[in-house]
Amino acid sequence: METKNSYLAWTLRIVVSALFILSAVAKLSKGHLLDSPYFAISTFEVKQLYPMGFSEGFAPYFSRTLIGIEMALGLLLLQKNWLRKFIIPVTTLLLLVFIGHLTYVTFLSGGTSGNCGCFGELLPMTPIEAIIKNVVAVAMLGYLYYLLPKTAPQGNFWVLTTVLFATILWIFMLAPIQPPASNFSVSPVVETPQDTISETTQVEDTVKTVGETTAVKKDSVAKVAVENTNEPKKVKSGNAVYFPNIDKGKKILCYFVPGCDHCRAAAKELTEMRKKDASLPPLSVLFMNEEADLIPDFFKEAGATYPYKIIEIIPFWNILGKNRDTPGVKYFWNGNEIKYYDGIKDNKFNSADLDIYLHKSYSELKK
């Protein structure tokens, strides 16, 4: 009987340990295990911690410490020191905190959509799925606590602290906190003829008399007034710091990641649109500073090169917007956001839909 209980106890320890280790490693992975730790952990901070109220200064420290604790608990479940007295209760408490938070998120959003962040972007999981996973893990820990002998020696507490500090230090070394960096460009923004908005032409030099000059001026003012009713009022989109003429006329601004296959597909679609319709508004790109060396290959696959700027990872996510994802495609008219596509789900980029919006008059857009 003791042998059977021992096998069962070890099975429970291994399963819960694997969940914690996988959770830690997944938060450091983009598409494959540990392939881009800084990108993955920054994404976790922006999408999971910022909405919870964590500041940009505190989030990097909290995220790395949390992941280090998860990794440490996963490893410590496989050793015997203070297992029943300390490790299992602490692990259970952490899971209960997670369950409480996820329950709150589910209460606010329904819990059937979005990614809870338990396994980062590597294994997306809805809040309800995560709650079920954590409840099962708590049940396994409870049964493990019951199976373990009550009289076993506690062991050496220094083993726990050594493993904990070692894993936290490893996370900080694997994904060092980077100081805030200003946005930078590796490509000049080339002004095209479409980017140039001509001002009202002055005709006084061609008018011979004062009366004629006055008449022409009145006609010009009237024409401008009519034109202004057919387009939105000019506003500042906040993107002129990247592209000076972005708020003049119709423009398309894209948010891409150089190594993202979906971003490349969207860029290729936009290039095809331009080939079919030369009047397509000028297009500019904001790239995330992740695998920036792939940008030439990105444009090669897209079939065209566009003016672009590179933005650091966390500022890029902030600019993209809360709960938004790449690829992002925005259609601006005089700085006004007319249409915004993002991600690869319901609101994903649709070239046919964008074409309809581009050919709508301002009066049609207001309906």
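The values are calculated or read from the model by the stated rules, or taken from the named source; none is laboratory data. What you are looking at is a predicted structure, and each value in this text was computed from that prediction instead of being measured. Every residue, glycine among them, receives a Cβ derived from its backbone with ideal geometry; neighbour counts consider all protein chains shown.
Below are the figures for this structure:
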quantity: Unmet requirement for Leu28, which otherwise passes all of (1) farther than 30 Å from Arg324 by Cα; (2) crowded, with 20+ Cβ neighbours inside 10 Å; (3) not hydroxyl-bearing (Ser, Thr, Tyr); calculated: (1)
quantity: Candidates Phe349, Phe299 - the one that is aromatic (Phe, Trp, Tyr), outside the structural domain of Lys47 (by TED's automatic domain parsing), outside any strand (DSSP E or B) and closer than 13 Å to Pro258 by Cα; calculated: Phe299
quantity: Which numbered condition Ala24 fails, given (1) small (Gly, Ala, Ser); (2) in contact with a helix residue (DSSP H, G or I) (Cβ under 8 Å, 6 or more places away or on another chain); (3) over 23 Å from Ile128 (Cβ atoms); calculated: (3)
quantity: Verdict on Ser42 being outside the structural domain of His262 (by TED's automatic domain parsing), closer than 22 Å to Asn323 by Cβ and surrounded by fewer than 21 Cβ atoms within 10 Å (Cβ to Cβ); calculated: no
quantity: First in region 138-161 and on the phi < 0 side of the Ramachandran plot and surrounded by 13 or more Cβ atoms within 10 Å (Cβ to Cβ), second anywhere and among the basic types (Lys, Arg) and part of a helix (DSSP H, G or I), Cβ under 7 Å, 6 or more apart; calculated: Leu144/Arg13; Tyr145/Arg84; Leu148/Arg84
quantity: Test result for Val221, of a type outside the set (Ser, Thr, Tyr) and modelled with pLDDT under 85; calculated: yes
quantity: Residues of region 275-296 satisfying the condition of being touching a strand residue (DSSP E or B) at 6+ places or on another chain (Cβ under 9 Å) and part of a helix (DSSP H, G or I); calculated: Ala292, Ile295
quantity: Close pairs from region 45-60: first farther than 16 Å from Ala130 by Cβ, partner at pLDDT below 90 and of a type in the set (Ser, Thr, Tyr), Cβ under 7 Å, at least 6 apart; calculated: Ala59/Tyr50
quantity: Residue among Ile128, Ile171 that is surrounded by fewer than 19 Cβ atoms within 10 Å (Cβ to Cβ), under 34 Å from the mean Cα position of the chain (by Cα) and either touching a residue at least 60 places away in the same chain (Cβ under 8 Å) or in the same structural domain as Leu19 (by TED's automatic domain parsing) (or both); calculated: Ile128
quantity: Residues satisfying the stated conditions in region 349-367, i.e. over 25 Å from Lys233 (Cβ atoms), surrounded by 12 or more Cβ atoms within 10 Å (Cβ to Cβ) and free of Cβ contacts under 8 Å to residues at least 24 places away in the same chain; calculated: Asn350
quantity: Search result, residues across region 61-75 that are closer than 17 Å to Pro179 by Cβ, touching a residue at least 40 places away in the same chain (Cβ under 8 Å) and not aromatic (Phe, Trp, Tyr); calculated: Arg64
quantity: Top-ranked residue in region 313-337 [being surrounded by fewer than 19 Cβ atoms within 10 Å (Cβ to Cβ) and of a type in the set (D, E, K, R); ranked as farthest from Gln178 (Cα to Cα)]; calculated: Glu337
quantity: Within region 310-346, tally of residues that are in a loop (DSSP other than H, G, I, E, B), over 26 Å from Glu291 (Cα atoms), out of contact with any Pro (no Cβ under 6 Å at 6 or more places or on another chain) and at pLDDT 90 or above; calculated: 1
